[in-house]
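First up is the structure itself, then whatever we jot down about it.
The values are calculated or read from the model by the stated rules, or taken from the named source; none is laboratory data. Worth saying up front: this structure is predicted, and the values here are computed from it rather than measured. Cβ atoms come from the backbone with ideal geometry, glycine included; neighbour counts cover every protein chain shown. Protein only, heavy atoms only, side chains kept; ligands, DNA and RNA dropped before computing areas. Shrake-Rupley method; radii C 1.70, N 1.55, O 1.52, S 1.80 Å.
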Amino acid sequence: MVSIPHDDDSVRLCDFCRSIDWVQLTTGPFNHRKVVLHDGQLKSGEHNLGLIRAAATASTCELCSMVADVSRTLKPWWPIAQFLDQPEKITCALWSGRNRLGSSVQTSRLAQADMLLDVLSKGLNPGYSSDNLVMQKFFDELGERGIFLDKGADAVGDGGKGKRRNTSLNRLLVHAGISPVKWTAQTFLQLHPCLHPVPSVDDFTTREEPFATFPTGRIVHEEVNVRLLRKWYETCSETHGTKCSQPLRLASDASWPAKLRLIDVRRQCLVEPPEPCPYFALSYVWGDETTPFQTTSFNIDAMKTLGSLADQELPKTIVDAMELTKEMGVEFLWVDRLCVVQDSDADKAIQIPQMDLVYSKAAVTVVASCGTAIDGLAGLNGTPRNICQRTARVAKDLSLMDVLHLDQSYQDSRWTTRGWTFQEGLCSRRILIITSNQVFWSCESAKFCESIAFEAFPTTVAPNDVVFHVLSGHRVFGDFGSTNNFAYGELDSMIRGYCNRKLTVQADALDAFTGVLRRVEVNTGHEFYWGHSVSARSDESLAWCNIRVNKVQFPSWSWLGWNHVLGVTRAAPRQVLLEPELEIMRLSLDGKAAKLVSGGKEKKLESVSKIDMCGIDHSISKSWKGSTTIDPSFLHTDEDGQFKDSGRLLFWTSYAILDIEEDKIYKNVGEQVGELKLFWPYQAQKPCGKHSFIVVSRKYDDNSMRVIKAERKLNVLAVRWEDPVKHVASRIYAGEVDEEAWVGLGEERKWILVTLT
């Protein structure tokens, strides 16, 4: 390896670290055509961990000291688990890859899934080529000649001295393994470039802030510099335009939240503000307070009195949020426990269904991911926070900072596990995320954080981006903003993400997701009933797949009716307009039936895929089904008054008793006729023995995006009879059976009118 000259004797590096051109490796162009890559990654050398720790002990190398320190946190994973106390047998390797910085003409495709697959394919097959690779080669060649198609990265002002800011970032990781160390080995450091001397956050709140061609790391203090946060907010408000003030995913609803109450942070009381007005909203975890102070019908009038909140013992997080709102130059703050009358069902009936509006209309949502209501906002208003930044100088004007765990406190926070906070984050247009050691900003146009100066660089995360390859690969940058557009096609993944969250009160399952459903409804025209779209393939959505479930008080047929639903899928099948096999209706409390779609007519939707019925028509299904028409005497009419929903479904269907063994469905004679859907035995007890099954829909193969194909299979539910005489049943599992085998059951199969609870 060629030795790189260092013209500053104060740079303390060992021979190995001195041999690496850190400036080129961390801030220079990433030209994959001039080096040998492994699955798109560049290896820049290996060094023995025993030698690294020796250099650290002798204080001869700053970087080795940092690596040695962090290496104490290595996990006991294969293949180094048995050598953690023998560092001389462990090797550390430097691997780097190209990350893009935001969307531009040159870099817009670098982090897309198809580009990633192309790079991997190129690594496996050197002769492989694609339009993406050809285009990237063309852009790289232009860059080498000093020709750039995107002008947004040009330096501005005297500080830049004509230099051009980078449009990509080399993500440098340190891996530990057995030599030769592969890029898939255990990662324990991520080295991010910093100017030297390393600037602090304070340096970026003045007019003459430091200039760098790359987003430099910076020193964070124990007390948050609110001037930087206010700079983020004012930059967005003044320069990002309607992309952030009225993002497309939220702009389709121009209404203002009804009967909105806000905290006047200066007058310290509740007010009913003029509309519209700028306000902040707080998203936080209530925690385990036994007697939390909150607004009730008894004290609401008193809380409207000037200074009334100053006399209350409010949780530290709310107090800090009020102070932050004031320092950010905003007059009003929304906090659920104070702005919703907690003992009023009437007020909750107004406020809860409009949670998406409350958060989407807020100028900024403050996410308290640093604890619960009593812990405060870390680094603000005197609330302490833990800062641990490791840096090492490697060149005259360059230091490196470890940012591997930049957002670890966010990922580990209770906020990311709670059900209510799911929609609060998704429905917000601008977000300040306060973690225990870092503050992050997210809007439609930018992603910022305290530790890295991203302000002068494009940092948007576009839909379909592989977040691992954007903004240093940290999850927090991809969790918010335009990565979710509330399209119906995204609903299945949103349901799956929501089901991974926890609720203190499981009865809140629908309320805590209503904002997401309403936003999808506004954006797409779908109508929802207990979390299921009734506008397209509602019958198939009843056959959603469940893993490890416990029944709760909601309808058994809905995914909302189960606790700990892991890996839920197909609760929102692809939007294709199909004639259902059965006529499924909702049932009122007085036993009257009505169509699932309110008003008795469908929304005007269009199929997103073509339909291939594969020769299947009504003549195929008539061999197992009878009339699906509900007796008119059972139907709800205007004379019956308001429809009072029971959460139950009523429909004619085909029923049979079959055996379950090892997730397979058998006839009495032992002939397999079907199987249960996606059931993981290590997460739930395997069902076995005789079970009652009812048909809910035909099965369609929609693995292809262009066309869905009808199959000669039926979606069925295993049910438990609540009332065998009246055929009242609750769902247990979902499965599928061969249609011909179902028909072959003959007299074992019955046509019945079922009430599904």
Across (1) touching a residue at least 60 places away in the same chain (Cβ under 8 Å); (2) assigned to a loop (DSSP other than H, G, I, E, B), T184 clears everything bar (1)
Scanning the range 518-529 residue by residue, those without any contact (Cβ under 8 Å) to a residue 60 or more places away in the chain and open to solvent by 10 Å² or more (accessible area, probe 1.4 Å) turn out to be E521, F528
Here the qualifying pairs (Cβ atoms under 7 Å; residues six or more apart or on different chains; first in the range 352-373 and open to solvent by 10 Å² or more (accessible area, probe 1.4 Å); second among the small types (G, A, S) and part of a helix (DSSP H, G or I)) come out as M355/G515
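Residue-wise test of (1) closer than 26 Å to F480 by Cα; (2) out of contact with any helix residue (DSSP H, G or I) (no Cβ under 7 Å at 6 or more places or on another chain).
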{"site": "V224", "(1), (2)": "yes, yes"}
{"site": "W232", "(1), (2)": "yes, yes"}
{"site": "C236", "(1), (2)": "yes, no"}
{"site": "Q246", "(1), (2)": "yes, yes"}
{"site": "L270", "(1), (2)": "no, no"}
{"site": "T296", "(1), (2)": "no, yes"}
{"site": "N299", "(1), (2)": "no, yes"}
{"site": "G307", "(1), (2)": "no, yes"}
{"site": "A310", "(1), (2)": "no, yes"}
Among (1) in contact with a strand residue (DSSP E or B) (Cβ under 6 Å, 6 or more places away or on another chain); (2) over 27 Å from L577 (Cα atoms); (3) among the basic types (K, R), K709 falls short only on (2)
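Checking the structure you have, find out if any residue of the range 583-596 is within 25 Å of V707 (Cα to Cα), of a type in the set (V, I, T) and touching a helix residue (DSSP H, G or I) at 6+ places or on another chain (Cβ under 9 Å).
So far as the range 583-596 goes, no, none of its residues is within 25 Å of V707 (Cα to Cα), of a type in the set (V, I, T) and touching a helix residue (DSSP H, G or I) at 6+ places or on another chain (Cβ under 9 Å).
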Checked L605, L582 against criteria (part of a loop (DSSP other than H, G, I, E, B), over 31 Å from the mean Cα position of the chain (by Cα) and either in contact (Cβ under 8 Å) with a residue 40 or more places away in the chain or on the phi > 0 side of the Ramachandran plot (or both)); the one match is L582
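Return the residues of the range 661-671 that are assigned to a strand (DSSP E or B) and without any contact (Cβ under 8 Å) to a residue 60 or more places away in the chain; say none if nothing qualifies.
Scanning the range 661-671 gives E661, K664, Y666.
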Note on the range 717-757: residues β-branched (V, I, T) and in contact with a Leu (Cβ under 9 Å, 6 or more places away or on another chain) are V719, V728, I732, V737, V754, T755, T757
Looking at this structure, is K259 exposed (fewer than 13 other Cβ atoms within 10 Å of the Cβ), charged (D, E, K, R) and closer than 27 Å to R429 by Cβ? yes
Taking the range 274-295 and the residues there that are open to solvent by less than 90 Å² (accessible area, probe 1.4 Å) and farther than 25 Å from K361 by Cβ, the one that is modelled with the lowest pLDDT would be E289
In the range 735-750, anything part of a strand (DSSP E or B) and under 13 Å from S621 (Cα atoms) is listed as D738
Quiz item: Within the bounds of the range 325-335, is there any residue that is outside any loop (DSSP other than H, G, I, E, B) and over 28 Å from K231 (Cβ atoms)?
Solution: no
Of all strands (runs of 3 or more DSSP E) fully inside the range 380-441, the set with 2 or more residues that are under 30 Å from L503 (Cβ atoms) and either over 17 Å from the mean Cα position of the chain (by Cα) or modelled with pLDDT of 95 or more (or both) is 431-434
A careful count of residues in the range 6-42 that are of a type outside the set (A, V, I, L, M), open to solvent by less than 60 Å² (accessible area, probe 1.4 Å), within 17 Å of P180 (Cβ to Cβ) and modelled with pLDDT under 95 gives 2
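So that you can scan it fast, the table gives a plain yes or no per residue for (1) of a type in the set (K, R); (2) modelled with pLDDT under 95; (3) over 34 Å from the mean Cα position of the chain (by Cα); (4) not in a strand (DSSP E or B):
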position: E46; (1), (2), (3), (4): no, no, yes, no
position: S59; (1), (2), (3), (4): no, yes, yes, yes
position: E88; (1), (2), (3), (4): no, no, yes, yes
position: G97; (1), (2), (3), (4): no, yes, no, no
From the option list L142, L117, L195, L101, single residue qualifying as open to solvent by 30 Å² or more (accessible area, probe 1.4 Å) and modelled with pLDDT under 75 is L117
Filtering the range 465-514 for residues that are on the phi > 0 side of the Ramachandran plot and either at pLDDT below 85 or not in a loop (DSSP other than H, G, I, E, B) (or both) leaves a count of 4
L309: passes all of (1) without any contact (Cβ under 8 Å) to a residue 40 or more places away in the chain; (2) open to solvent by less than 50 Å² (accessible area, probe 1.4 Å) but (1)
Every listed condition ((1) open to solvent by less than 30 Å² (accessible area, probe 1.4 Å); (2) at pLDDT 85 or above; (3) over 32 Å from the mean Cα position of the chain (by Cα)) holds for L172 save (3)
